[in-house]
1. Under 12 Å from the Cβ of B:LYS70, count the other residues' Cβ atoms, weight Lys and Arg +1, Asp and Glu -1, and hand me the total.
2. With a ≥ b ≥ c the root eigenvalues of the C-alpha gyration tensor of segment B:195-240, is it rounded (a/c under 1.5), prolate (a/b larger than b/c) or oblate?
3. Treating the point 7 Å from Cα along Cα-beta-carbon as the label, what are the nm separations from B:GLY24 to the other copies, to one decimal?
4. Summarise the partner chain shielding of B:259-265 as one whole number: the mean count of Cβ atoms from other chains within 10 Å of each residue's Cβ.
5. Could you check the simple spin-label distance between B:GLN332 and A:GLN336, using points 7 Å along Cα→Cβ, in nm with one decimal?
6. To the nearest whole number, what is the average tally of beta carbon atoms from other chains within 10 Å of the beta carbons of peptide A:320-329?
7. Please find the FRET efficiency linking B:ASN144 to A:ALA277, where r is the Cβ-Cβ separation and R0 is fixed at 25 Å, and quote it to the nearest 0.05.
8. Could you tell me the relative contact order of segment A:218-323? Use alpha-carbon pairs under 8 Å, at least six residues apart, and round to a whole percent.
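We did not get these values from a lab; they are worked out from the coordinates using the rules stated. Just so you know, these numbers come straight off a predicted model, no measurement behind them. A quick note on method: Cβ atoms are made from the backbone with ideal geometry, for glycine too, and the neighbour counts reach across all protein chains shown.
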2 protein chains.
Amino acid sequence: MRAAMNTKTGRSSLQLHSTAKKNGEMELSLATVTEPNPGPDEVMVRIDAAPINPSDLGLLLGAADWNSAKVSGTRSNPTVTAPMSAKVLQAMAARIDIPMPVGNEGAGVVIEAGKSDAAQALLGKTVAVLGGAMYSQYRCLNVNQCLSLPPGATAADGASSFVNPLTALGMIGTMQREGHKALVHTAAASNLGQMLNRLCLKDHIGLVNIVRKKEQEELLQAAGAVHVCRTDSPTFMQDLTEAVATTGATLGFDAIGGGPLAGQILTCMEAAANRNAKAYSRYGSTTYKQVYLYGSLDMSPTVLNRNYGMAWGIGGWLLTPFIEKIGPAAFQALKQRVAAELKTTFASHYSQEISLVEALQPETIAAYSKRSTGQKYLVTPNKGL
Amino acid sequence: MRAAMNTKTGRSSLQLHSTAKKNGEMELSLATVTEPNPGPDEVMVRIDAAPINPSDLGLLLGAADWNSAKVSGTRSNPTVTAPMSAKVLQAMAARIDIPMPVGNEGAGVVIEAGKSDAAQALLGKTVAVLGGAMYSQYRCLNVNQCLSLPPGATAADGASSFVNPLTALGMIGTMQREGHKALVHTAAASNLGQMLNRLCLKDHIGLVNIVRKKEQEELLQAAGAVHVCRTDSPTFMQDLTEAVATTGATLGFDAIGGGPLAGQILTCMEAAANRNAKAYSRYGSTTYKQVYLYGSLDMSPTVLNRNYGMAWGIGGWLLTPFIEKIGPAAFQALKQRVAAELKTTFASHYSQEISLVEALQPETIAAYSKRSTGQKYLVTPNKGL
């Protein structure tokens, strides 16, 4: 066990680093860094749980070939490397030889606190935290980056309090701000998708869930989903058009990114809009249709056949700009809702808990990099140390 | 000569019709229709000139195979038909067997006027008109659809007062409303592109012109264009990035639609934005980049490789919704500017003048359907009758 040392200049902390190296290798390693002592408005959090979200995998693994991973170093301080193609290496230009800490969110116990009342109030509390580098033993964070968990909630309960819950709430918020009344969501059996389904059911918002397979359809139906369309069905386009017409969905959030799917959603929205068309218009319907790409599960190009008139848009969507748009008060309200519904609407489930050392094992990397439905990994940075 | 009859119920007028027929043929023919006598706020305009704009060709020709066109009927009243593929026929479902009049804009002389002062004021005047069905001898139109031309301007001078001038002004207006400071434009040697170039030079707005060929580059340079990038150059992407960085353009208008070009513009905008990046961000720059597709010269799918972070959008753009957004007062101001600069900034040049009968000749259709640079056709509906 490597103990974390507390000194005048800070606390020693083991931290997972991902480094794209000039020699063409992507390297994962554990470094010992020093977290500074908390300032007046800061707290030191012992990170007990941090999820591996799809949004962490890009920074963590890049697009290296992890099937060809090689391990070196010692059992308790291993290093794992995987080769990158020349094209991937080029895309990494801005991070070459810079060790990147990883992990957008987590939860743990406040073990030290700065002088301010806000910081002192958190001492001993279990908090959810947002801010990067969460695959670390300790993190010194501003009180604004912490969300005090309700009594009885563990670090594992609160580890995913930000990314998925706020993304689901951000989709609903975007829908409301941009004047749409229902949603289409792809990769809808994901942890996020299941959460969005619970949220829409609770808030009485129409949701069309798109999945690839029968098991995913059944999973969502068991959770009460009203509209589930399967891309592997020969009637997919008809089914989607029907569900879009029924719900009035004119906004989609797509986690896939590549291929025809985003365009197919627009095609079905246009077909639904034209059901009530009274005259031919060569520019299509005047119903505005939007699909946001928030993920890139398929890295291949997005292909748009543009058979949906002229009133459409496609673009990238990220949580951070949405939070900036709504302002601090609205953001605070969203966080309070997450805390209040942490064990219901916003509950996350993990299939595996792994230590920092286990996160570097090739077979474990192979498993969590798959992003399979129902497989979600929780890193426990203080386990086994 | 077929004279136009004026009766109690209206004026007989020859009108070009495009009909997608259930049997799989697209048909162009001349029909005799009755234009109603003008109401109080209406005027009867003898259409002396109406351009064939790219935006007219979709309705006029569909996607039929005009290389296999067949002529029937008489010399003075011909009918021309061309076969459509099953897929094209399906896309025409909403207009099957409905004769569609064509021609978005034109100009001519007011030969009758309603009782209102506004209508009477136009009597005898040469006016530019907007409102469809302009490949007609006569059109009864509301005074709001007419723009009185300055003294000395002919119908040919004023025939293209709306579509191209307002589109160019609409691009600038969209840029201003959406917070961009410079523009990228594709197919930039088109009549519209040359007009946009003159407008941007006059208004001191940065414009990056994208063209396919050396002749088009030279044409724009001779007109004073500062930035011209050629897609046939091996340094196209570097050239475009440089021009985008110099102008600060974060908004593009693309007439091509299909293929990689819209995405390439975003790629170069992102590369320009990242020139000043201080740290690696896996989500790309925070600079918002937008490309609007306003045409579809390439009907193939739009291909987006998404190597430009998350702050981007692509969508359709049409003049009409823009005009609705800005409201009547701003629209009126734009029209007045067009009238004031009709022979300078907004001048259009025609390579050919054709009658309604000539517009139906296969060799003429073959020529104007090519949309070649420098080839612009003017229909003169009262010529040769």
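1. -3
2. Taking the square roots of the gyration eigenvalues as a ≥ b ≥ c, segment B:195-240 is oblate.
3. 5.5
4. Shielding by partners across B:259-265 averages 1.
5. 4.9
6. Partner-chain Cβ atoms within 10 Å, mean over residues of A:320-329: 1.
7. It comes out at approximately 0.45.
8. 29
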